[in-house]
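The values are calculated or read from the model by the stated rules, or taken from the named source; none is laboratory data. Model, not experiment: these values are computed from the prediction. Please note: Cβ atoms are built from the backbone with ideal geometry, for glycine as well, and neighbour counts cover all protein chains shown.
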Amino acid sequence: MRADLTAFENVELPLILASGPLKPRRARVTETLEALNAKGLTLVVVTHDASLGERARRRIQMDDGAILCDAPR
């Protein structure tokens, strides 16, 4: 299934929940999500990719449902 992110460009949503994008589309998806976030949209992205997590303004690191770290960038 291919996600068409242009559908979100003119929609006013308070929150998007997303899993970490796959590598073939990562740059485009990340760029679009960051642009939406810059306009005030809250993003919750779940990923195992530390480099993607480093881009966040706030990171909550979890293990087996326990919060290990909750800190701003």
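For the stretch 13-25, check the following and say yes or no: at least one residue is at pLDDT 80 or above and charged (D, E, K, R). Spell out the reasoning first.
Let us first name the residues in the stretch 13-25 that are at pLDDT 80 or above, namely none.
Taking every residue of the stretch 13-25 in turn, none turns out to be at pLDDT 80 or above and charged (D, E, K, R).
Mind listing whichever residues of the stretch 32-73 are of a type in the set (Asp, Glu) and either modelled with pLDDT of 85 or more or in contact with a strand residue (DSSP E or B) (Cβ under 9 Å, 6 or more places away or on another chain) (or both)? Outline the logic, then answer.
Keep residues of the stretch 32-73 that are of a type in the set (Asp, Glu), which gives 34, 49, 54, 63-64, 70.
Of everything in the stretch 32-73, those that are of a type in the set (Asp, Glu) and either modelled with pLDDT of 85 or more or in contact with a strand residue (DSSP E or B) (Cβ under 9 Å, 6 or more places away or on another chain) (or both) turn out to be 34, 63, 64, 70.
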